[in-house]
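Below is one structure; the comments refer to it alone.
The values are calculated or read from the model by the stated rules, or taken from the named source; none is laboratory data. The shown structure was predicted, so the numbers you read here are calculated from the model rather than taken from an experiment. Every residue, glycine among them, receives a Cβ derived from its backbone with ideal geometry; neighbour counts consider all protein chains shown.
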Amino acid sequence: MRYLPHTPDDIAEMLKAAGAESLDGLFAGIPPDCRRSAPMVLPHPLTEWELNTHIDRLAGRMAAAPDYKVFVGAGSYEHFIPASVGFLTSRSEFVTSYTPYQPEISQGTLQAVFEYQTLAARLLGMEVANASMYDGASALAEALLMAARITRRSKVALSQAVHPLYRRVVDTYLKPTGIEVREVPFRPDGTTDPGALGDPVGLAAVAVQSPNFLGCIEATAALAERAHSAGALCIAAFSEPLAFGLFRNPGSQGADIACGEGQSLGIPRCFGGPGLGMFASKMQYVRNMPGRLVGETRDKEGRRGFVLTLSTREQHIRREKATSNICTNNSLCALTTAVYMASLGGSGLRELAQLNYDKTEYLKAKLRAAGISLPFSAATFNEFVAAFPDGFDAVYRRLLGKKIVAGLPLAAYYPRLKNHYLLCVTETMSKDDLDTLAKEVTS
Amino acid sequence: MTDFLGTTGLVLDEPLLWEQGRKGRCGFSLPRRDVERRPAPEALAGEGPDFPDLSEVDVVRHYTRLSTWNFSVDTGMYPLGSCTMKYNPKTNERQAARPGFAGAHPLLPSELCQGALELMAALECLLAEITGLDAVTLQPGAGAHGELTGMLIFHAFHRRKGSARSKIIVPDTAHGTNPASASLCGYTSVPIASNEKGILSPEAVAAVMDDQTCGIMVTNPNTLGLFEENIKAIADIVHAKGGLVYCDGANMNAVLGMAHMGNMGVDVLHLNLHKTFATPHGGGGPGAGPVCVAKHLEPFLPVPRVRFVDDRYVLSEDFPLSIGKLQAFWGNTANLIRAYSYILSMGAEDLKRVSQLAVLNARYIKERLKGTYHLPYDRPCMHECVFSDKHQQAHKVTTLDIAKRLMDYGFHPPTIYFPLVVPGAIMIEPTETESKETIDLFIDAMKAIAAEARANPETLREAPTRCKRRRLDETAAARKPCLRG
Amino acid sequence: MKDLSELKFPDDLHYVESHEWVRAEGGRVRIGITDYAQDQLGDIVYVELPAVGKTFAQGAPFGSVESVKAVSELYMPIGGKVAEINADLENSPEVVNTGPYDQGWMIVVEPASADEVNGLLTRDAYLGKLKG
């Protein structure tokens, strides 16, 4: 086997030096009642060429572009990824390196992550960003726990327009802590109602997502103000950070913590993972932040370099009192988004965001013109909800046969939104694709 | 004397991204605009971020140069204890990058994603077979995430029995993520000491196990590289008082095809795909931390779960006792594909061989270095061995100095100052993918360093001298954090 | 790390085994960590102190002190209410290393009971514990 270099001679020599009779003899100390009674039953090993065929067969039973036009976002977005991004992030020195605990031989990762932290903080308008969490959902859960630690309060308010799957992850994380989650409904225009927040006194945090799950841009500033009036933190979540190339970022609206999903920024969707949990906050809260942080410093010869820092927050030092249990994060994904953001640049990102917005507005206009109801009137970015007539599910199924996925049915997530579909348009859809969709859904 | 691996080469300096570039440059092929421009509502419009504008050449040179400053498995050996830095097969990268997988939306209707669902179902079966447990979730994003999942399962199990418990037993050799994960579930960690053999004794467990304790978190083999021989007796003690046994599977690389977690009495186990199953570390992640459970805990697994219904695979939420969700979607699919590919490439015999050779490599290092470095537990080790700097203290040389000097010899240092039970610990895990020649070079380097410690200790305190940077001022970084540009 | 003979332990202070020192100042006491403690910790990067007005029992943790790679809890040598905290430590934690008994003081406490101080270790007794 090509990953196992030992020859029989190597093994014989090493056994001798190790003082063992045989390879089996190395395990003499394992009690019989801990052992397998029979060898593992696994498929016969495949050659590299058989593996290619096997995986190709599986990958061939998947709907993906360009064959399929998938008009679905909902936390996972299709954007063009330059060849340079994949090329650079597949360099062995990035892919097969370890966590940079020994900074002298990890300056590549450390500078790259420092740059990522900077770009992430600038994109979100926040003072400091960490080196990443797992995904947008777990990042939100960690943000709520962080707010509870900071304020020493045990109630949080969470908008119902936050991604339903994020809210379920929040419930899972918060259940054993006794922290109470108060849900805040959204208004007819598709945005969260600050009035429906109720009395903010006693809340650790008010959490809202923008653009929200319905694609609508939230009035984060107003919600932040209400939160702050009661000493609560404002947590601004997101699942599509490209929006901040066009719309106001969380920091500019008073967010104390900004957290969400960075997959849009150059990471392939890959059936949902790995993504990128982006996490940023005000500097005053940094010692309460979970996750790794890279900081700038100097070496013995006065040269600039980078190191992991503020490590006493983390599990390997603080153990049961750590800010989180997180160890492995999504470092390579953070690097990927940094390469993507560096490639786009400030000008490019603004133009790309504008293009996403324009294509979405184009489709919205075409659907409206065709008599389709778009129930939520708030501004949107690259997603919006369309309410189709009864019986649309038959059209939807027919379109699947035509390799078009006409949005995400929302009834499973919001029971009163029967026949409502969440549609997503990105720069990957051409005008023709949009015209075709508009025609097909109304035929 | 042998030629050592550490040397200097062409390594270029490279400024930060925002220290370069020119306004108007772009490294991205902006897609064709085929629709009208529409202004965003003024009250909501922002300015966009202050990013540097770089050409594609700028970006490619930048990251290419940065990459050359990194040590990596593809460059050399990482004898990092409990990290299992084995070789990452390149065919696995090809499989994860197949467009059908890479471009797939997670919320596709099930008939449009049968390939991924079939792979996930198959991987669950493979992991159950390998571990000797009964049911698997692939959702957790890393080992610690798997530990949290396990703790949530403990919590749900006990709540369902009407006995909410508040404590959990954690050995002194446990990885920091263990008590941290327990705390996230509101459990207080009750520490117990390992005995003079470096393993847990049933008496120590019995002394603290009671009906307020939800169970125990063990690592087997433990972080001293020793097999917890008393695990069955310990599991019996814990079970007798209604508790559960959690096993941190970080060290699974030592016992593939050999140990049976179910037989040992383990109820919940997490695996690190980025350790045992060769998915790459990526400079700190992403990993994947599947959790395997004994049958009676299956109802508590996170949802959705892959099921085969009628004629196809579906993601089912129909598990009322489930603890809920750990990530928005189904797990780190790209890594699941890599691990699946690895298992299919190895097969049962070669996976067993992996553990045999991993243990052989470690045992060989232990025997050959034990004269040179202090070996706190001179017992047969599994896939890793732990030394200390005790012999070098006389020369005022510490584990840190030894580690830093090892870089000049062309090796990544072993894990240092962990486990906490050994002051100045040096934890060495070679893994099975290192050849005898490489290991011999490593042993020679360690011996040379011990000799330097005697003859010329200052060399070690000045180390490393051959790397991109000398030792960095971590104190200043922590006192006045500068975390962004 | 230094030899015990190189470290200082003023004899007008009281000490506890967890390495805090106590200086009686009229009705109040000033508290910090010993030269031994700062030497063991290495370069101190951060000190977490309680809010003024909080009350702690003897032996309770009242804060923590961090070096790059370690965190140590700080324990109340005597019970009482926190009357003052050393605000300088926020920006200059290194003074705990350079002046553990003067500029590196941490909190001033109004003792809950007048005679807890008497039960503490003398300098010689503390040194004895360190040597033993």
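Name the single residue, out of those in the range A:261-302 being among the polar types (S, T, N, Q) and farther than 19 Å from A:A65 by Cα, that is surrounded by the fewest Cβ atoms within 10 Å (Cβ to Cβ).
A:Q284
Is it the case that some residue within the range A:421-439 is assigned to a helix (DSSP H, G or I), buried (at least 19 other Cβ atoms within 10 Å of the Cβ), in contact (Cβ under 8 Å) with a residue 12 or more places away in the chain and not hydrophobic (A, V, I, L, M, F, W, C)? Before the answer, list the steps.
Here is the first cut: in the range A:421-439, the ones assigned to a helix (DSSP H, G or I) are A:431-439.
If we keep only those that are buried (at least 19 other Cβ atoms within 10 Å of the Cβ) too, we end up with A:434, A:437-438.
Next, from what is left, pick out any that are in contact (Cβ under 8 Å) with a residue 12 or more places away in the chain: A:434, A:437-438.
Checking which are not hydrophobic (A, V, I, L, M, F, W, C) leaves us with none.
The answer is no, given that none of the residues of the range A:421-439 is assigned to a helix (DSSP H, G or I), buried (at least 19 other Cβ atoms within 10 Å of the Cβ), in contact (Cβ under 8 Å) with a residue 12 or more places away in the chain and not hydrophobic (A, V, I, L, M, F, W, C).
Going by the structure shown, is A:A18 touching a Gly at 6+ places or on another chain (Cβ under 8 Å), at the interface with chain B (Cβ under 7 Å from one of its Cβ atoms) and either surrounded by 13 or more Cβ atoms within 10 Å (Cβ to Cβ) or of a type in the set (A, V, I, L, M) (or both)?
Numbers: touching a Gly at 6+ places or on another chain (Cβ under 8 Å): no; at the interface with chain B (Cβ under 7 Å from one of its Cβ atoms): yes; either surrounded by 13 or more Cβ atoms within 10 Å (Cβ to Cβ) or of a type in the set (A, V, I, L, M) (or both): yes.
It is false that A:A18 is touching a Gly at 6+ places or on another chain (Cβ under 8 Å), at the interface with chain B (Cβ under 7 Å from one of its Cβ atoms) and either surrounded by 13 or more Cβ atoms within 10 Å (Cβ to Cβ) or of a type in the set (A, V, I, L, M) (or both).
Quick check on this structure: which one of A:L145, A:L140, A:L124 is at pLDDT 95 or above, crowded, with 24+ Cβ neighbours inside 10 Å and facing chain B (nearest Cβ under 9 Å)?
Unique residue meeting the criteria: A:L124.
Of everything in the range C:13-69 that's within 20 Å of C:N91 (Cβ to Cβ) and among the acidic types (D, E), which residue is surrounded by the most Cβ atoms within 10 Å (Cβ to Cβ)? Step by step, filter the range C:13-69, then rank; the result is C:E66. In the range A:190-207, the residue that is nearest to A:S377 (Cα to Cα) out of those that are crowded, with 20+ Cβ neighbours inside 10 Å and modelled with pLDDT of 90 or more is A:G190.
Working only within the range B:365-403, note down all residues that are farther than 20 Å from B:P430 by Cβ, away from chain A (no Cβ under 11 Å) and touching a Gly at 6+ places or on another chain (Cβ under 9 Å). Correct list: B:K390, B:Q392, B:Q393, B:T398. For the range B:444-485, residues that are in contact (Cβ under 8 Å) with a residue 60 or more places away in the chain and at the interface with another protein chain (Cβ under 10 Å from one of its Cβ atoms) total 7. Listed conditions (1) in contact with a Gly (Cβ under 7 Å, 6 or more places away or on another chain); (2) of a type in the set (V, I, T); (3) away from chain B (no Cβ under 13 Å) are all met by A:V184, apart from (1). Among the residues of the range B:392-416, how many are over 24 Å from B:T276 (Cβ atoms) and either touching a residue at least 60 places away in the same chain (Cβ under 8 Å) or buried (at least 21 other Cβ atoms within 10 Å of the Cβ) (or both)? Adding up the residues that qualify gives 15.
Here's a check for you: in the range B:376-388, which residue that is charged (D, E, K, R) and surrounded by fewer than 24 Cβ atoms within 10 Å (Cβ to Cβ) is nearest to A:L23 (Cα to Cα)? So that I can check it myself, show each step before the final result.
Step one: list which residues in the range B:376-388 are charged (D, E, K, R), which gives B:378-379, B:384.
Add one more test, that the residue is surrounded by fewer than 24 Cβ atoms within 10 Å (Cβ to Cβ), and what stays is B:378-379.
On the way: B:D378: 20, B:R379: 17 Å.
My answer is B:R379.
A:R397 falls short on exactly one of the conditions (1) at the interface with chain B (Cβ under 10 Å from one of its Cβ atoms); (2) under 23 Å from the mean Cα position of the chain (by Cα), and that condition is (2).
Per-residue answers, yes or no, for (1) farther than 18 Å from B:G150 by Cα; (2) of a type in the set (S, T, Y); (3) within 23 Å of the chain's Cα centre (by Cα):
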{"site": "B:A174", "(1), (2), (3)": "no, no, yes"}
{"site": "B:T177", "(1), (2), (3)": "no, yes, yes"}
{"site": "B:S181", "(1), (2), (3)": "no, yes, yes"}
{"site": "B:E196", "(1), (2), (3)": "yes, no, no"}
{"site": "B:P202", "(1), (2), (3)": "yes, no, no"}
{"site": "B:D211", "(1), (2), (3)": "yes, no, no"}
{"site": "B:P221", "(1), (2), (3)": "yes, no, yes"}
{"site": "B:L226", "(1), (2), (3)": "yes, no, yes"}
{"site": "B:K232", "(1), (2), (3)": "yes, no, no"}
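Reported count of residues in the range A:37-51, each being surrounded by fewer than 18 Cβ atoms within 10 Å (Cβ to Cβ) and within 7 Å of chain B (Cβ to nearest Cβ), is 6.
For the range B:302-338, the set of residues classified as over 25 Å from the mean Cα position of the chain (by Cα) and part of a loop (DSSP other than H, G, I, E, B) consists of B:D310, B:D311, B:E317, B:D318, B:F319, B:P320, B:L321, B:S322, listed by residue number. Scanning the range A:231-288 for residues that are of a type in the set (A, V, I, L, M, F, W, C), within 8 Å of chain B (Cβ to nearest Cβ) and within 16 Å of the chain's Cα centre (by Cα) turns up A:F244, A:C270, A:F271.
Quick check: anything in the range A:167-180 more than 14 Å from every other protein chain (Cβ to nearest Cβ), in contact (Cβ under 8 Å) with a residue 24 or more places away in the chain and either over 19 Å from B:R159 (Cβ atoms) or loosely packed, with under 15 Cβ neighbours inside 10 Å (or both)?
First, pick out the residues of the range A:167-180 that are more than 14 Å from every other protein chain (Cβ to nearest Cβ): A:180.
Within this subset, residues satisfying the condition of being in contact (Cβ under 8 Å) with a residue 24 or more places away in the chain are A:180.
Okay, now just the ones that are also either over 19 Å from B:R159 (Cβ atoms) or loosely packed, with under 15 Cβ neighbours inside 10 Å (or both), so A:180.
Among the residues of the range A:167-180, at least one is more than 14 Å from every other protein chain (Cβ to nearest Cβ), in contact (Cβ under 8 Å) with a residue 24 or more places away in the chain and either over 19 Å from B:R159 (Cβ atoms) or loosely packed, with under 15 Cβ neighbours inside 10 Å (or both), which makes the answer yes.
Could you please let me know if B:E437 is in contact with a Pro (Cβ under 9 Å, 6 or more places away or on another chain), at pLDDT 95 or above, over 25 Å from B:T223 (Cβ atoms) and not aromatic (F, W, Y)? I'd like the intermediate steps shown before the answer.
On the way: in contact with a Pro (Cβ under 9 Å, 6 or more places away or on another chain): yes; at pLDDT 95 or above: yes; over 25 Å from B:T223 (Cβ atoms): yes; not aromatic (F, W, Y): yes.
In short, yes.
Each residue in the range B:141-157 was checked for being more than 7 Å from chain A (Cβ to nearest Cβ) and among the aliphatic types (A, V, I, L, M), and 3 of them qualify. Restricting attention to the range B:320-351 and to residues that are more than 7 Å from every other protein chain (Cβ to nearest Cβ) and not aromatic (F, W, Y), the residue that is farthest from A:Y77 (Cα to Cα) turns out to be B:E349. The condition of being at pLDDT 95 or above and touching a Phe, Trp or Tyr at 6+ places or on another chain (Cβ under 6 Å) holds for only one of B:A358, B:A348, B:A278, that being B:A278. Sort out which residues of the range A:91-113 are more than 7 Å from chain B (Cβ to nearest Cβ) and not aliphatic (A, V, I, L, M), and write them in order of number. Answer for the range A:91-113, where residues must be more than 7 Å from chain B (Cβ to nearest Cβ) and not aliphatic (A, V, I, L, M): just A:Y101.
Restricting C:F56, C:F9 to residues that are out of contact with any strand residue (DSSP E or B) (no Cβ under 7 Å at 6 or more places or on another chain) and more than 12 Å from every other protein chain (Cβ to nearest Cβ) narrows the list to C:F9.
Table: residues versus (1) within 29 Å of A:S84 (Cβ to Cβ); (2) more than 21 Å from the chain's Cα centre (by Cα); (3) of a type outside the set (G, A, S).
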position	(1), (2), (3)
B:H62	yes, yes, yes
B:L66	yes, yes, yes
B:N70	yes, no, yes
B:Q95	yes, yes, yes
B:R98	yes, yes, yes
B:P109	no, yes, yes
B:L112	no, yes, yes
B:L126	no, no, yes
B:T131	no, no, yes
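Checking each residue in the range C:85-132 for being among the aliphatic types (A, V, I, L, M), buried (at least 16 other Cβ atoms within 10 Å of the Cβ) and farther than 19 Å from C:D39 by Cβ picks out C:I85, C:I107, C:V108, C:V109, C:L120. Within the range B:170-201, the residues that satisfy the criterion of being away from chain A (no Cβ under 13 Å) and either surrounded by 16 or more Cβ atoms within 10 Å (Cβ to Cβ) or outside any loop (DSSP other than H, G, I, E, B) (or both) are B:I192, B:S194, B:L200, B:S201. Would you point out the residue of the range A:216-230, among those that are among the aliphatic types (A, V, I, L, M) and within 29 Å of A:T360 (Cβ to Cβ), that is nearest to the chain's Cα centre (by Cα)? Applying the filter and picking the extreme gives A:I217.
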